[in-house]
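Structure record follows, encoded as structure tokens.
The values are calculated or read from the model by the stated rules, or taken from the named source; none is laboratory data. Since the model is a prediction, treat every value here as computed from it, not as a measurement. Every residue, glycine as well, gets a Cβ built from its backbone with ideal geometry; the counts of neighbours run over all protein chains shown. All accessible areas refer to the heavy atoms of the entire protein, side chains included, with ligands and DNA or RNA removed. Shrake-Rupley method; radii C 1.70, N 1.55, O 1.52, S 1.80 Å.
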Amino acid sequence: MSAFLELRNVSKSYGTGADRVEVLKNINLTIEEGEFIAIVGFTGSGKTTLISLIAGLIEPDEGEILIKGKPITGPGPDRGVVYQNYSLLPWLSVYGNIELAVKKVFPNLTSTQREEHITRYIKMVNLLPALHKLPSELSGGMRQRVSVARALAMDPEVLLLDEPLSALDALTRGSLQIEIERIWRESKKTVMLITNDVDEGILLADRVIPLTPGPKATLGTTFKINFTRPRDKAEINADPNFKKERNQINYCLMELGKHRTVEQTEQYELPDIQPKDISKKGQAFLSF
Amino acid sequence: MSSKISNALRWIGFTSLEPLLKLIRGEEPKKNGLLVFKKLLVPILSVFIFLGVCNAGAKYLYNIERERKIENTRSVQGEEAAQQMADCIDSGDISCKPNSLPSPADVWSGAKTLVEDHKMITADKKEFKEKTAAINKKRKKQGKSPIEYTGRPSFVDQIITSLKTVFAGFLLAALIAIPAGIVLGLSETLRSGLNWVIQIFKPVSPVVWLLLVSMVIKTILANADMDKSFVISFISVGLCSMWATLVNTSMGVSSVDKDYLNVSKVLRLGVLSNVFKVVLPASVPLIFTGLRITLSVAWMVLIAIELLAQSPGLGSFVWEEFQNGSSDSNAKIIVAMFVIGGIGFLLDRIMMFVQKMVSFDSKA
């Protein structure tokens, strides 16, 4: 069986000449159908670039990205994206935001079928009471749920989560993590989660893959996570295996991170100067 | 109920009345009392100070004008005539009233005259209509056009004509500027290609626009049987005022949040649904800011254009009053000034209200 989503030697750089920054270099990744994988990495390591590549919003310089063996050409509703900053249209209600997507992806539904479809996904993220509210009337966690519901309602082949929980407070994040795990089990979608939180990756994913810090970021060794599902946060936190896994991944990331800091070891000789008081009371306005 | 009233006040932009409402209800008397003083009493006081300054200024100018008039009479006709002139002026006789800045009291009586005048003309019109009703019926049967009232328009008629002209101009501006702004906003090539047109035409004076439009209209409508001065003035008003909307719309459309565009890209929305479902709603706040500026500019240039185009309206009213120089002309001009200012303020408030109704960020 061929892989569901496959990245072959994908590289991406921005700029030209001396300003050229190679963000991603030789990314190779294979994801099976129904798998939940997490990619963890430092901020600025090119995680969002990776998601945008798979979403088709930008094109790779080298290599190719295949879905079910077919190369992707541009963005499409077969890959649902959930962004860190929700990306909801502020003039549409919760229902309207999802309706816009559903209308485009399933143009042949009758209005009752469409309504059923939309409410099913709103129910899945527990937002029925907020059906006709505008995004500005919702909390951050609720907005992110709408965003997840919109992505799921398009019935995508794969769900791309771009740091979906980073903008939320710790408590909301915890409850949404559990909800994302449940939704994944119920919908049986292939999910790729990008995060900077190692714990989150271990809690949710089948595999955690570290992304080395950019420039020239590439994927590190895969960590297989073998906790039973459904997963419980408290249970996993108490599990000695969890600590082991986390330490390993953290260690791996730190090792990779060291490499970045080592690069900037050039010593600068600082001039020996002392601050001098140049304020003259009563004349301050003249000095401007 | 009470929160409904304060909400309504906030919607129409009269937040300054809110503390007074709260004070009447007895909420936090100390804090609201201070707010009433700051937001209500001080503004009212400033109106009285303004009137006082105007009155003093008018009196001062009147005295200078009076002395000069007496002095002139003395040098030309001698002491006795000068004494007569002084008596004549002090008696308040209209025939020898010095021509200077009118005092607030003069302005008030000027306003009353204008209202009286309007009542008289309305009555006159009604009478005329009754008189000609039978004849017009007959003429209609014979296929002739009816006899129309051709007397002079009242001040209120002038205001209505001006409002009609400004709305026609505003509609024209919106109809040209919004679609053009959207097209410019979507295409960077067109935007940079036509930038020079916008930059050069935007600062052109209304007077020049009027001349330009009349050059064109004169040729196009040479034989048409219609009110050319109205057409010329509303087109000029539209062309003068549309730039704010054009620039704001193209800016709004070109600077739509990238996240919203990504949503549209992922959904693969077509060009039209991208424009109508994502780009336009996202740029409504900026478009309306442009329309608000357009309407206030339109009202401002309208007066100057009417004055020059000899098109009926407030502008020509002001000009005619200035030309005819009767004893209360100056007062009537000042009345017109306040009416123009008041209507401009009202139009701006209406636009603000509409903007709040249609913008998604009104609650944010």
Conditions (1) more than 14 Å from chain A (Cβ to nearest Cβ); (2) open to solvent by 10 Å² or more (accessible area, probe 1.4 Å); (3) in contact (Cβ under 8 Å) with a residue 40 or more places away in the chain -> residue B:302 fails only (2)
Return the only residue of A:81, A:10, A:23 being within 14 Å of chain B (Cβ to nearest Cβ) and on the phi < 0 side of the Ramachandran plot.
A:81
Within the bounds of the stretch A:36-44, is there any residue that is at pLDDT 90 or above, more than 12 Å from residue A:162 (Cα to Cα), more than 14 Å from every other protein chain (Cβ to nearest Cβ) and buried (at least 22 other Cβ atoms within 10 Å of the Cβ)?
yes
Complete set of residues in the stretch A:120-138 that are more than 23 Å from the chain's Cα centre (by Cα) and in a loop (DSSP other than H, G, I, E, B):
A:131, A:132, A:133, A:134
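Using the structure shown, decide if residue A:160 is within 11 Å of another protein chain (Cβ to nearest Cβ) and open to solvent by less than 40 Å² (accessible area, probe 1.4 Å).
yes
Please work out if residue A:54 is away from chain B (no Cβ under 14 Å), surrounded by 21 or more Cβ atoms within 10 Å (Cβ to Cβ) and of a type in the set (A, V, I, L, M).
So residue A:54 fails the test.
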Name the one entry in B:219, B:189, B:245 that is part of a helix (DSSP H, G or I), open to solvent by 80 Å² or more (accessible area, probe 1.4 Å) and modelled with pLDDT of 90 or more.
B:189
Consider only pairs whose beta carbons are under 6 Å apart and that are at least six residues apart or on different chains; among these, list those whose first residue lies in the stretch B:167-183 and is touching a residue at least 40 places away in the same chain (Cβ under 8 Å) and in the same structural domain as residue B:249 (by TED's automatic domain parsing) and whose second residue is of a type in the set (Phe, Trp, Tyr) and crowded, with 16+ Cβ neighbours inside 10 Å.
B:168/B:234; B:169/B:234
If a residue must be of a type in the set (A, V, I, L, M, F, W, C), within 11 Å of chain A (Cβ to nearest Cβ) and in a helix (DSSP H, G or I), how many such residues does the stretch B:260-275 contain?
3
Restricting to the stretch B:306-340, name every residue that is among the β-branched types (Val, Ile, Thr) and either more than 18 Å from residue B:157 (Cβ to Cβ) or in a loop (DSSP other than H, G, I, E, B) (or both).
B:334
What's the total number of residues in the stretch A:190-231 that are touching a residue at least 40 places away in the same chain (Cβ under 8 Å) and over 29 Å from residue A:22 (Cβ atoms)?
7
Where in the stretch B:1-65 are there helices (runs of 4 or more DSSP H), lying fully within it, with 3 or more residues that are closer than 25 Å to residue B:348 by Cα?
B:2-11, B:18-25
Go through the stretch A:78-97 and report how many residues are open to solvent by less than 30 Å² (accessible area, probe 1.4 Å) and under 17 Å from residue A:161 (Cα atoms).
7
Hey, does the stretch A:139-154 have a residue that's under 30 Å from residue A:32 (Cβ atoms), outside any helix (DSSP H, G or I) and modelled with pLDDT under 90?
yes
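Take residue B:253 and decide whether it is without any contact (Cβ under 8 Å) to a residue 12 or more places away in the chain, touching a helix residue (DSSP H, G or I) at 6+ places or on another chain (Cβ under 7 Å) and not acidic (Asp, Glu).
Taking the combined requirement at face value, the residue does not satisfy it.
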Hey, could you check the stretch B:250-259 for residues that are at pLDDT below 90 and part of a helix (DSSP H, G or I) and say which is nearest to the other protein chains (Cβ to nearest Cβ)?
B:259
Pairs where the first residue, in the stretch A:101-119, is within 17 Å of residue B:277 (Cα to Cα) and within 14 Å of chain B (Cβ to nearest Cβ) and the second is surrounded by 15 or more Cβ atoms within 10 Å (Cβ to Cβ) and among the small types (Gly, Ala, Ser), C-beta under 7 Å, 6+ apart
A:101/A:153; A:102/A:153
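Could we say that residue A:20 is at pLDDT below 85 and basic (Lys, Arg) here?
Details: at pLDDT below 85: yes; basic (Lys, Arg): yes.
So residue A:20 passes the test.
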So residue A:236, is it at pLDDT below 85 and crowded, with 17+ Cβ neighbours inside 10 Å
yes
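Do the conditions hold for residue B:295, that is, is it more than 10 Å from chain A (Cβ to nearest Cβ), in a helix (DSSP H, G or I) and open to solvent by 30 Å² or more (accessible area, probe 1.4 Å)? If you could, list the steps in order and put the result at the bottom.
On the way: more than 10 Å from chain A (Cβ to nearest Cβ): yes; in a helix (DSSP H, G or I): yes; open to solvent by 30 Å² or more (accessible area, probe 1.4 Å): no.
Criteria not met by residue B:295.
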If you go through the stretch A:168-189 one residue at a time, how many are part of a helix (DSSP H, G or I) and open to solvent by 40 Å² or more (accessible area, probe 1.4 Å)?
8
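Could you list all residues from the stretch B:87-134 that are among the small types (Gly, Ala, Ser) and assigned to a helix (DSSP H, G or I)?
The initial filter retains those residues of the stretch B:87-134 that are among the small types (Gly, Ala, Ser), namely B:91-92, B:95, B:100, B:103, B:105, B:109-111, B:123, B:133-134.
Selection gives B:95, B:105, B:109, B:110, B:111, B:123, B:133, B:134.
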Looking at the stretch B:318-341, I want the residues that are touching a residue at least 12 places away in the same chain (Cβ under 8 Å) and open to solvent by less than 90 Å² (accessible area, probe 1.4 Å) and have a partner that is not in a helix (DSSP H, G or I) and not basic (Lys, Arg) with Cβ atoms under 8 Å, at least 6 apart or on another chain. Which pairs are those?
B:325/B:99; B:328/B:102; B:330/B:99; B:330/B:100; B:330/B:101; B:330/B:102; B:331/B:102; B:334/B:102
